[in-house]
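Engineer: If you scroll down you'll find the structure; I have some questions about it.
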Amino acid sequence: DFANGSFNLVTEDGRVILAQCIFEDFVTSNFLLGIQVYHLFGLFWIGNWIIALGECVLAGAFATYYWTFDKKDVPWFAVFRALLRTLIYHTGSLAFGALIIAIVQFIRFILGYIQRQLKKRKEARWAQIMLSIFQCCFWCLEKILRYINRQAYIEIAIYGYNFCVATCKVVSLLLRNIVRTVVKDNIVRFLLFLGEICIVAVVAAIAWLAFGGYTNYGEDVWGRRLNYYLIPVLLLAFVAYLVAAGFTGVFLLAVDTVFICFCKLFIINNSCFKKYVNIQYK
């Protein structure tokens, strides 16, 4: 009887013995806990490295197109070339940037775990408040570091610097163009958000007309009438949002890359113009 944890066991001499499984205790191991923590941190690290790899590869392709004077001379397979260049020369820089984000995410996970454990105790209210404040601070820190890393990956893709040098240079560049940076980020993100909302709204409206607006649609396609069409409408809207968010993310990275290239070109042209004026003045 497997339901009760008992079964018959046949020995070598043909005897039948009744065996039974009884749960006694669950033994935990510090080594097993350490392995779980190790794999969790590795999951954070690898996930952020994959994101960094995609951003650096796309930034390299966009920068190649921008810095090519005659667009007819843009090399073939620019994305594949950027992928090979990134994997060969910039893997360590991307891993270091991903490590920073992974550490912050791991700290947030630990704080969240402690906060969930303290919810069981009513007397630990002030500790929960402090942990909530820490969670908010580390969330803001993660957003700031992720933004800086994104710009640093663009600098790495353009000039091939290591992560630390690229971060210093791109932070200095953004601070010198702080007004342009703020205006660009707010306008572009707002327009992309409106684009996502419009795409989701259009897909949801078409799905509602297809599944709910025409009552014979379900009978013609599925052989029966749809009794509840809200679930497929919401599902299609969610899928449309995921697709739109993917495309707008690529477009946002393209805008950031072009903006960094523009700031670099503006500084170069401004420096050359000043040198030309000084020479003519002398």
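Engineer: Quickly rank 36-46, 58-68 as a protection proxy: mean count of other C-beta atoms within 10 Å, highest first. Before the final figure, lay out each step's value.
Structural biologist: On the way: 36-46: 13.4, 58-68: 20.1.
Averaged packing, sorted descending, gives the order 58-68, 36-46.
Engineer: Please report the carbon-and-sulfur percent of the accessible area for segment 71-158; probe 1.4 Å, protein heavy atoms only, DNA, RNA and ligands left out.
Structural biologist: On the way: 3970 of 5720 Å².
Heavy-atom surface of segment 71-158 belonging to carbon and sulfur, 1.4 Å probe: 69 percent.
Engineer: 7 Å from Cα along Cα→Cβ at both VAL183 and LYS119: what's the point-to-point distance in nm?
Structural biologist: It is 4.5 nm.
Engineer: On average, how much accessible surface per residue is there in segment 53-211, in Å², for a 1.4 Å probe, leaving out ligands, DNA and RNA?
Structural biologist: Working: 9870 Å² over 159 residues.
Counting only protein heavy atoms, the per-residue value for segment 53-211 is 62 Å².
Engineer: Give the residue from MET130, ILE144, ASN186 lying farthest towards the positive end of the charge dipole for segment 120-203; charges sit on Cβ (+1 for Lys and Arg, -1 for Asp and Glu) and the dipole is referred to the Cα centre.
Structural biologist: About the Cα centre, the residue reaching furthest to the positive side is MET130.
Engineer: So, one more: Using θ = phi - 60° and the Karplus curve 6.51 cos²θ - 1.76 cosθ + 1.60, what whole-Hz ³J(HN,Hα) does each residue of segment 114-122 get, with Gly and Pro shown as x?
Structural biologist: 5, 5, 5, 5, 6, 5, 6, 10, 6
Engineer: Once Rh for segment 29-171 is found with the Kirkwood sum over Cα pairs, what is the Stokes-Einstein diffusion coefficient at 37 °C and 0.692 mPa s, in µm²/s?
Structural biologist: Details: Rh = 17.3 Å.
Translational D for this selection: 190 µm²/s.
Engineer: Now, a different point. Could you rank the peptides 250-259, 237-246, 48-57 by their average count of other C-beta atoms within 10 Å per residue, with the highest value first?
Structural biologist: Values: 250-259: 18.3, 237-246: 14.6, 48-57: 21.3.
Ranked by mean Cβ neighbours within 10 Å, highest first: 48-57, 250-259, 237-246.
Engineer: May I pose another question? What is the magnitude of the charge dipole of segment 105-199 about its Cα centre, with +1 placed on the Cβ of each Lys and Arg, -1 on the Cβ of each Asp and Glu, and no other charges, expressed in debye to the nearest 20?
Structural biologist: Numbers: 15 positive and 5 negative charges, 88 e Å.
In total the dipole reaches around 420 debye.
The values are calculated or read from the model by the stated rules, or taken from the named source; none is laboratory data. Please read all numbers here as calculations on a predicted model, not as lab measurements. Note that we place each Cβ from the backbone using ideal geometry, even for glycine, and neighbour counts take in every protein chain shown. Side chains are part of the model used for accessible areas, which takes the heavy atoms of the whole protein and leaves out ligands, DNA and RNA. Shrake-Rupley method; radii C 1.70, N 1.55, O 1.52, S 1.80 Å.
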